[in-house]
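Read-outs: derived from the displayed coordinates by stated rules, not from any lab. Computed from a predicted model, the values in this text were never measured in an experiment. Here the Cβ is made from the backbone with ideal geometry for all residues, glycine too, and neighbour counts use every protein chain on show.
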Amino acid sequence: MTRRTRTTRNSEPGTRNSKRTCGECRACCITLGFEAAPGESTFTKPPNTPCGHLIQIGCGIYADRPSVCQRFECAWISAPNLPDALRPDRSGVLFCTNDHPDGEGYAVFAYELQPGAIETPLPRWLIEQVVSELPVFIVRPGEPIEVLEGGEG
């Protein structure tokens, strides 16, 4: 699933509302697909493929990374109230808010990075917290996308 714009629900693109940093996490650089918006410099990264700019310590072009990458914030970065253990590389799940695929409103996407990680207590807790307000799309490699809505968590 490649999305053109990845922004958080609670911030404008390109703004940071927390002091958290990615640290050693590189989940979005490997798991997500990115595509530049019209009018931006060309950049495409297919899903489940490490970005060509990824190096041992993170992004090799971080200061000059594409606009689509600058706009992206995972839920752990954008919501500083989430526990440290929910950082994607620690929890095994990458959560992010994006436009709903049908074009109406927003949805939360939960990308399972490690088999079974979505079923562990912290990711399950977060899904239960948000599913009453937003649909949750559970994305597991090689499986159909599961959609939870309105208290199904």
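Overview of results
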{"item": "Matching label, Rg and Dmax of the Cα atoms in Å computed from the structure shown, candidates (1) 16.7, 53; (2) 14.7, 42; (3) 15.9, 49", "result": "(2)"}
{"item": "Segment GLU133-GLU24, extension gain: residue separation times 0.36 nm, minus the distance between their alpha carbons", "result": "36.2 nm"}
{"item": "GNM flexibility winner over the chain from VAL131, VAL108, VAL93 (Cα, springs under 10 Å)", "result": "VAL131"}
{"item": "With Cα atoms, 0 to 90° folded angle of helix 121-130 axis to the chain main axis", "result": "90 degrees"}
{"item": "Lys, Arg +1 and Asp, Glu -1 on Cβ, resulting dipole of the range 2-148 about Cα centre, debye, nearest 20", "result": "460 debye"}
{"item": "Using θ = phi - 60° and Karplus 6.51 cos²θ - 1.76 cosθ + 1.60, couplings along the range 75-87 (whole Hz; Gly, Pro as x)", "result": "4, 5, 6, 7, 10, x, 7, 6, x, 4, 5, 8, 4"}
